[in-house]
Amino acid sequence: MSHIGKSVIRHDGVQKVTGRAEYLADIKLNGMLYAKMLASPHAHARILRINTEKAKALPGVRAVLTGKDDNAMVGIYMVDRSALAQDKVRHWGEAVAAVAADTEAIAEEAVRLIEVEYEVLPIIFDAQEAIQPGAPQVHEQAESYDYIKGVFHPEPGRNIANRTKVRRGDVDEAFARADVVIEHTYEQPQVFHVPLEPHGTIVQWGAEDYVKIYSSTQSPFAVRDLFAHSFNLPRNKVEVIAPYVGGGFGGKSGIHLEPLVGMLSKRCGGRPVKLIPTREEECATLPSRQGMVSKVKTGAMRDGTIIAEEVEYLWVGGAYADYGVNISRAGAMTACGPYHIENVKADSVTVYTNHVFGTAYRGFGHPEVFFGIERQRDLLAKELGMDPVELRLKNLLMPGKETITGELITENTGRVDQCLKVVAEKLKVSEDYTAAERAEMEKTGKYRGKAAAVLQKSPAMPTWSASSAIIHMNEDGTVHITVGGVDFGQGTYTVLQQIASERLHIPIEKISMAPGVNTDMSPYDWQTVASRMTVLCGNALCDACDDLEAQLLEMGGVVLRAGKHELGLADEHVYVKQNPHQRVSYAQICMGYTYENGNAVGGPMIGRGKCIAQGLTNIDPETGQGKTALDWTYGAHAVEVEVDVRTGDVEVLHMASCMDVGRVMNEAMLNGQVVGGVLQGLGTTLSEAVYYDAEGNLLTRNLTDYKIPTFKDLPGNLDVSYIETPQLDGPYGARGVGEHPLISITAVIANAVANATGTEIYELPLSADKVRAALRQTK
Amino acid sequence: MYAFLAPKTLEDARGFLESRPNLKLLAGGTDLIIGLREGLVTPDAVMDVKQIPALTQIRQTEDVLEIGAAVTVDEMLRSGYLSGPYHALYEAGEELANILLRNRATLAGNICNASPGGDMLPACLVLDAWVETIRPDGGRRIPLREFFMGPKRHVLASDEMVVKTVFPRAAGKSAYRKKKRIRGHDLAQVGVAGLLGADGALTLAFGACGPTPICLDVFDTNTQSRAEILDAAMNGIAPIGDVRASKEHRQEMARYLTEAVLDAIEEVRV
Amino acid sequence: MKAIQLTVNGGAYKVFCPEDITLLTLLREHLHLTGTKEGCAAGECGACTVIYNGKPINACMVLAMEADGAVIETIEGEAKDGVLSPLQQAFIDCHALQCGFCTPGMIMSARALLDENPTPTRDEIVHAMEGNLCRCTGYEPIIRAIEQIAGGAQ
């Protein structure tokens, strides 16, 4: 292999380091108008009156919209949100009205002139209270909403947007015979994605309903599909262009501002309208990651065998379901982590509340599930007096065992046990500190502790999720690849270039990919989410390369007067295997071959390829049994922390992470995913949290009070390693890994803090403030 | 929409202060420009003070250290003057935001923003600094200990402008310690400055521990134990809980940081 | 509207612009230099870092009018004659970027640091870069890219 596994540099580096890469905000169109939104100052309130007269009268204002106007209903799985609030607002910061004007300044001024009269309603903020019978409802008309029936299971009248159940064995019987039963509740706040580039969109709703959408999106085809669905348009009249995208982390999947801006453009006679939310709107008006309250009850035998687990996951979904309903479903599928447990009862519920609404976030529910599950494993080990690594090894899913949804684990699935052993060994997690070290800790008040935790994730996507790829040759035998997935920094396109280079025997510099996606020109791809690109898009490209290879061999055979089986590809040539000097270059045949007398045969070569998730099933609505995982990527983290018990500061001294990626495709980019994901996870663990006041007003409104890690917040060191258990249906054995590094970071740090201080913390973030509070309570 | 004014002399500035009632002063702009963008302040005119040469000076005389209102925090840090008893100012400046903002933010701006947690303020208070102002009809000298009225509120009149911050000659050793939510740039959850004179007199000041920065003087380290000083100091502050820290955490950290400040400065004692 | 003159990447500009816009808006909307990005408009993220009279600053925290007479360097001036600067090349070689949105600001902060101190230590790099946020890379490869240049200078 000459290219697979190499740290090939990224395809778009030059554009990005020169500032030439064009992001949404950098696009200007002739006649373009600027939009601004008016946000709700209340978390829950009835809209009594909106007066837009003054705004409309302002010179330069071209359109003012409120929920009373044409209003589109949107929602990727549960159609429960209107582009502008209708009748009532359900979270602080919800868009109530919008303006399009000649300049941003005029639009801003117009928004300030809109008068809204509200009747404040009691807020619904506690997920456990929200699901009680008789609780006030966030959505009074929930039963009328359209949703994917059979996949999601809302419970109208209970603030429940979806419930997913897993039932396996008999938990009651098992708890009754367990030697030990422990039960804990874990709480996690919402967190923000904080891509450095905010969302943004330009929509031009032209005559005869031809709609052109530029959007900073991970999901151009989903935007097209959902936009067309909202407005009942044929798909071929909606064109979606994703330029360079400045980070997404799940927050730019699905559909967001496009319908609102589309309506404004339509109102303005088809002039393009641009809307880029401010960072404040990015926090309040655009969705976040869901919060979560998880209750985990675990039954085990004295020897450490876990025989039963019952979990209730209440996801604080906020005002609208968005991806939340599918995240709770994904959470149910992974409810007990990568463990073999015979008796399981899981209820995973997305609860409507008056928080900013939740959406997909790197890890898609798994980081939230694993905080509780991997904390619970350490707590069980403590209860049993066992080494937590030992306890995990005793229960981990191994080939021949089944997951909680009845999926058989094979030799090819991946080895979570090896990941755990690697990191535990690297940081000597099971070794105690010496007496001298302990004495030093006592003296300084800085207590060190270690822990390890495992993780798993499958894509958690619809059973029919598909990708496609087109590869065409230029006159000189260079190659251009087109796909419908977005490379917003993760490096997919570079890996695709490596694959094509390997398959077609062409130097990588001769393989190009245009930045961005255009749904009118790019082949279909479901969405750039779920760590699925290397696998599904990579497989689609392999298929396209096969197609092109067949064409090269066919034309080569004509020219070389040989059968396909006698030919090979090397060095940008088709050659005769037995007599390699008999060969013809790609350049000579890729646009057709011309004989000396001028006759030409063949024609331009274009390879096409496709891939759809194989063998996935819907799950049984009562038991959750079924096959939902295309591939499981396993991993583990180990950490050593130092807790200053006087200040509550948690310092991460050492970390080790190991992932079973199947096959390392590009080591430097893989490291980029792991190092970046781990730091994002450290943010979730130590500082990031969305806070509200008692009235439901958002307090963390910007980056001044929502603190993400900086250059000064890196862990002491991070040792990254990989295991390569090939995924037989992945390209070159690879499986997805984009989201995984972030999973279980919260748990492993909290476990290490407990190991260091003896204090168990059940709530995130582990800010110095909260750690001190916990220490105060236990001392 | 506001007009932009950039006077080149104090006299011109004074003229604008008189003629433009709804005027906002711009030094580093790191607070003002956010306020302008969010519509929190809506002046008719913004007056940039950085073109006035007198305001860009930093100088030390026998008696005082003067820092002009347009001097950036970074320029202060590089001036070489913030040593010895003024070391707390250096430490506070190093802790203020990050290099990009220190290249813009000014001491006078930090003072006039009057945030209870302003990083420079506790150090200014323990050093007994005052500001000198101009107004259409003159000017005055205002001790910082009488300057702050509440969160983002101060005693300046709307037609008054700070031209410099002045630190009297000081002796002893000073320090500033800050607690924040992350290790990188952040506002202070609590900030504590202390100045210990050679005679054992100790002054402490606290940021984000009340509606204004709080200055407590003067303790006598010759007669009071550290515990007594800490207890008295903690009785003198009144932190609240907010999005940045709980009340309890602020109380604990105020005490912890006070100890850290004392650890840093007390070796000066004879 | 008011006229101001300034030098950007060595070129002299005379611009008529509103008095209430920031330097960032001036650069992006009036001079069409869109390499400088807006991430927060509040001085928190560093995506709009430019070198302003020799110092790295957030362009969102400067009013355009203040820049009358200023000398400014932006990302567009970093590559010379179509050739990447060693710093830009180091960012690519060290995989110091992913989505790329923070990258222009990162490079300008690093440029300012290296101009003043060609051989910064790791601590000095971290201290100088603190105001530039990145959500993708975990920062480590950015530090390596700058260290690579610093090492080369030694």
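The values are calculated or read from the model by the stated rules, or taken from the named source; none is laboratory data. Here the structure is a predicted model, which is why all the values come from computation and not from measurement. Reconstructed Cβ throughout: ideal geometry from the backbone, glycine too, with neighbour counts over all protein chains shown.
For residues that are surrounded by fewer than 22 Cβ atoms within 10 Å (Cβ to Cβ) and either at pLDDT below 95 or touching a strand residue (DSSP E or B) at 6+ places or on another chain (Cβ under 6 Å) (or both), tally how many sit in the stretch B:174-202.
Count: 5.
Restricting the search to the stretch A:276-309, which residues are within 14 Å of another protein chain (Cβ to nearest Cβ), crowded, with 24+ Cβ neighbours inside 10 Å and either farther than 27 Å from A:GLU187 by Cβ or out of contact with any Gly (no Cβ under 8 Å at 6 or more places or on another chain) (or both)?
Once the filter is applied, which keeps residues that are within 14 Å of another protein chain (Cβ to nearest Cβ), crowded, with 24+ Cβ neighbours inside 10 Å and either farther than 27 Å from A:GLU187 by Cβ or out of contact with any Gly (no Cβ under 8 Å at 6 or more places or on another chain) (or both), the stretch A:276-309 yields only A:GLU282.
Here is a list of conditions, (1) within 14 Å of another protein chain (Cβ to nearest Cβ); (2) outside any helix (DSSP H, G or I), and B:GLU62 meets all of them except one; can you say which number that is?
(1)
Which members of the stretch B:226-270 meet the condition of being surrounded by fewer than 20 Cβ atoms within 10 Å (Cβ to Cβ), among the β-branched types (Val, Ile, Thr) and within 14 Å of chain A (Cβ to nearest Cβ)?
B:ILE240, B:VAL243
Quick one: what pairs do we get from the stretch A:4-30, first residue under 30 Å from A:ARG271 (Cα atoms), second among the aromatic types (Phe, Trp, Tyr) and assigned to a loop (DSSP other than H, G, I, E, B), C-beta under 7 Å, 6+ apart or different chains?
What qualifies is A:TYR23/C:PHE101.
Does the stretch C:90-100 include one or more residues that are in contact (Cβ under 8 Å) with a residue 60 or more places away in the chain and either more than 8 Å from every other protein chain (Cβ to nearest Cβ) or polar (S, T, N, Q) (or both)?
Initial filter on the stretch C:90-100 (in contact (Cβ under 8 Å) with a residue 60 or more places away in the chain): none.
Scanning the stretch C:90-100 turns up no residue that is in contact (Cβ under 8 Å) with a residue 60 or more places away in the chain and either more than 8 Å from every other protein chain (Cβ to nearest Cβ) or polar (S, T, N, Q) (or both).
Of the residues A:VAL690, A:VAL720, only one is within 27 Å of C:THR121 (Cα to Cα), within 12 Å of another protein chain (Cβ to nearest Cβ) and of a type in the set (A, V, I, L, M, F, W, C); which?
From the options A:VAL690, A:VAL720, the qualifying one is A:VAL720.
Would you check if there is a residue in the stretch A:25-44 being among the polar types (S, T, N, Q), over 26 Å from the mean Cα position of the chain (by Cα) and buried (at least 22 other Cβ atoms within 10 Å of the Cβ)?
Of the residues in the stretch A:25-44, the ones among the polar types (S, T, N, Q) are A:30, A:40.
If we keep only those that are over 26 Å from the mean Cα position of the chain (by Cα) as well, we get A:30, A:40.
If we keep only those that are buried (at least 22 other Cβ atoms within 10 Å of the Cβ) too, we end up with A:40.
Taking every residue of the stretch A:25-44 in turn, at least one turns out to be among the polar types (S, T, N, Q), over 26 Å from the mean Cα position of the chain (by Cα) and buried (at least 22 other Cβ atoms within 10 Å of the Cβ).
Would the stretch B:93-105 turn up any residue that is among the aliphatic types (A, V, I, L, M) and away from chain C (no Cβ under 12 Å)?
no
Considering only the stretch A:173-198, state which residues are of a type in the set (A, V, I, L, M), closer than 15 Å to A:GLU310 by Cα and in a strand (DSSP E or B).
A:VAL180, A:VAL181, A:ILE182
So which residues in the stretch C:10-32 are touching a residue at least 12 places away in the same chain (Cβ under 8 Å), out of contact with any helix residue (DSSP H, G or I) (no Cβ under 7 Å at 6 or more places or on another chain) and of a type in the set (Gly, Ala, Ser)?
none
Consider B:ALA157 against the criteria (1) part of a loop (DSSP other than H, G, I, E, B); (2) of a type in the set (A, V, I, L, M); (3) under 15 Å from the mean Cα position of the chain (by Cα): it satisfies all of them except one. Which criterion is unmet?
The one condition B:ALA157 does not meet is (3).
What are the pairs, 6+ residues apart or on separate chains, where a residue within the stretch A:460-484 that is at pLDDT below 95 has its Cβ under 7 Å from a residue that is among the aromatic types (Phe, Trp, Tyr)?
Correct list of pairs: A:ALA460/A:PHE364.
Looking only at residues that are outside any loop (DSSP other than H, G, I, E, B) and more than 11 Å from chain A (Cβ to nearest Cβ) in the stretch C:25-49, which one is surrounded by the fewest Cβ atoms within 10 Å (Cβ to Cβ)?
C:HIS30
Only one of B:LEU10, B:LEU17, B:LEU23, B:LEU40 is modelled with pLDDT under 95, more than 9 Å from every other protein chain (Cβ to nearest Cβ) and over 23 Å from B:LEU100 (Cα atoms); which?
Values: B:LEU10 fails: modelled with pLDDT under 95; B:LEU17 fails: modelled with pLDDT under 95; B:LEU23 fails: modelled with pLDDT under 95.
Answer to the selection: B:LEU40.
In the stretch A:252-268, is there at least one residue being touching a Leu at 6+ places or on another chain (Cβ under 6 Å), β-branched (Val, Ile, Thr) and away from every other protein chain (no Cβ under 14 Å)?
Yes: one or more hits.
Just to be sure before I move on: is A:SER465 of a type in the set (Gly, Ala, Ser) and crowded, with 24+ Cβ neighbours inside 10 Å in the structure I sent?
Details: of a type in the set (Gly, Ala, Ser): yes; crowded, with 24+ Cβ neighbours inside 10 Å: no.
No: the conditions fail for A:SER465.
Does A:ARG271 meet the test of being in the same structural domain as A:ASP69 (by TED's automatic domain parsing), basic (Lys, Arg), outside any helix (DSSP H, G or I) and modelled with pLDDT of 95 or more?
The answer is yes for A:ARG271.
Is there a residue in the stretch A:314-321 that is surrounded by 24 or more Cβ atoms within 10 Å (Cβ to Cβ), part of a strand (DSSP E or B) and among the β-branched types (Val, Ile, Thr)?
yes
Answer yes or no as to whether A:LYS450 is at pLDDT 95 or above and in a loop (DSSP other than H, G, I, E, B).
Here the answer is no, as A:LYS450 does not meet what is asked.
Of the residues that sit in the stretch A:596-611 and are of a type in the set (Gly, Ala, Ser) and in a strand (DSSP E or B), which one is surrounded by the most Cβ atoms within 10 Å (Cβ to Cβ)?
So the residue we want is A:GLY607.
Tell me which residues, restricted to the stretch C:106-134, are of a type in the set (Gly, Ala, Ser), closer than 18 Å to A:THR18 by Cβ and at the interface with chain B (Cβ under 9 Å from one of its Cβ atoms).
Residues satisfying the conditions are C:SER109, C:ALA112.
Return a yes/no flag: does the stretch B:236-248 have any residue that is assigned to a helix (DSSP H, G or I), at negative phi and modelled with pLDDT of 95 or more. Give the derivation first.
We begin by selecting, within the stretch B:236-248, every residue assigned to a helix (DSSP H, G or I); these are B:247-248.
Right, trim to at negative phi and you get B:247-248.
In the following step, the residues that additionally are modelled with pLDDT of 95 or more were identified as B:247-248.
The answer is yes; a qualifying residue exists.
Looking at the stretch A:344-367, is at least one residue assigned to a helix (DSSP H, G or I), buried (at least 22 other Cβ atoms within 10 Å of the Cβ) and either assigned by TED's automatic domain parsing to the domain that holds A:ARG735 or in contact (Cβ under 8 Å) with a residue 12 or more places away in the chain (or both)?
Scanning the stretch A:344-367, I find at least one residue that is assigned to a helix (DSSP H, G or I), buried (at least 22 other Cβ atoms within 10 Å of the Cβ) and either assigned by TED's automatic domain parsing to the domain that holds A:ARG735 or in contact (Cβ under 8 Å) with a residue 12 or more places away in the chain (or both), so the answer is yes.
Could you list, in sequence order, the residues of the stretch C:69-89 that are more than 14 Å from chain A (Cβ to nearest Cβ) and either part of a helix (DSSP H, G or I) or surrounded by fewer than 17 Cβ atoms within 10 Å (Cβ to Cβ) (or both)? Break it down stepwise before answering.
Initially, the stretch C:69-89 is screened for residues more than 14 Å from chain A (Cβ to nearest Cβ), giving C:69-71.
C:GLY69, C:VAL71 - these are the residues of the stretch C:69-89 that are more than 14 Å from chain A (Cβ to nearest Cβ) and either part of a helix (DSSP H, G or I) or surrounded by fewer than 17 Cβ atoms within 10 Å (Cβ to Cβ) (or both).
Is it true that B:THR223 is in a strand (DSSP E or B), out of contact with any Gly (no Cβ under 6 Å at 6 or more places or on another chain) and more than 14 Å from chain A (Cβ to nearest Cβ)?
Details: in a strand (DSSP E or B): no; out of contact with any Gly (no Cβ under 6 Å at 6 or more places or on another chain): yes; more than 14 Å from chain A (Cβ to nearest Cβ): yes.
No.
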